[in-house]
């Protein structure tokens, strides 16, 4: 935690927030499994897309944006990587997409389970 955002780890969550948190953690777990199996990547993204409206206005709203954004950007860059795999650069690109996706999912699940939004808010003064 950067020290510039409220500490929500011990704040009591409303039932709506608890539901949003549970659904986002499920989506993150599916996405992490999907890194290694493929099909769960789509299940996690679809789960997040279906449940995003239930989380609007909650602390976990931007976690859904993270999952959905990571999914679409991952698909886009993976297609480019597969096309470029005829050259060596495609494999490098695919590796970086894989690492980037893992980082975003692990960061997201760590922040969600700590009752924090995905994006850190930096307020210097």
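The values are calculated or read from the model by the stated rules, or taken from the named source; none is laboratory data. What you see is a predicted model; the values in this text were computed from it and never measured. Cβ placement follows ideal geometry from the backbone for every residue including glycine, while neighbour counts extend to all protein chains displayed.
Against the list (1) over 13 Å from the mean Cα position of the chain (by Cα); (2) closer than 30 Å to residue 14 by Cβ; (3) surrounded by 14 or more Cβ atoms within 10 Å (Cβ to Cβ), the condition residue 108 fails is (1).
Quick one: which residue in 32, 93 is closer than 24 Å to residue 114 by Cβ and either part of a loop (DSSP other than H, G, I, E, B) or at pLDDT 90 or above (or both)?
Numbers: 93 fails: closer than 24 Å to residue 114 by Cβ.
It is 32.
Can you tell me which residues in the range 12-29 are over 10 Å from the mean Cα position of the chain (by Cα), part of a helix (DSSP H, G or I) and surrounded by fewer than 17 Cβ atoms within 10 Å (Cβ to Cβ)? Hits for the range 12-29 are 15, 16, 18, 19, 22, 26.
Could you give every pair whose Cβ atoms fall below 8 Å, whose first residue belongs to the range 22-41 and is under 14 Å from residue 66 (Cα atoms), and whose second residue is at pLDDT below 95 and not in a helix (DSSP H, G or I), counting only separations of at least 6 or pairs across chains? Correct list of pairs: 24/60. The set of residues from the range 55-71 being closer than 23 Å to residue 12 by Cβ, part of a helix (DSSP H, G or I) and in contact with a helix residue (DSSP H, G or I) (Cβ under 6 Å, 6 or more places away or on another chain) comprises 55, 61, 63, 64.
Could you pull out the residue among 80, 97 that is without any contact (Cβ under 8 Å) to a residue 40 or more places away in the chain, surrounded by fewer than 16 Cβ atoms within 10 Å (Cβ to Cβ) and touching a helix residue (DSSP H, G or I) at 6+ places or on another chain (Cβ under 7 Å)?
On the way: 97 fails: surrounded by fewer than 16 Cβ atoms within 10 Å (Cβ to Cβ).
Unique residue meeting the criteria: 80.
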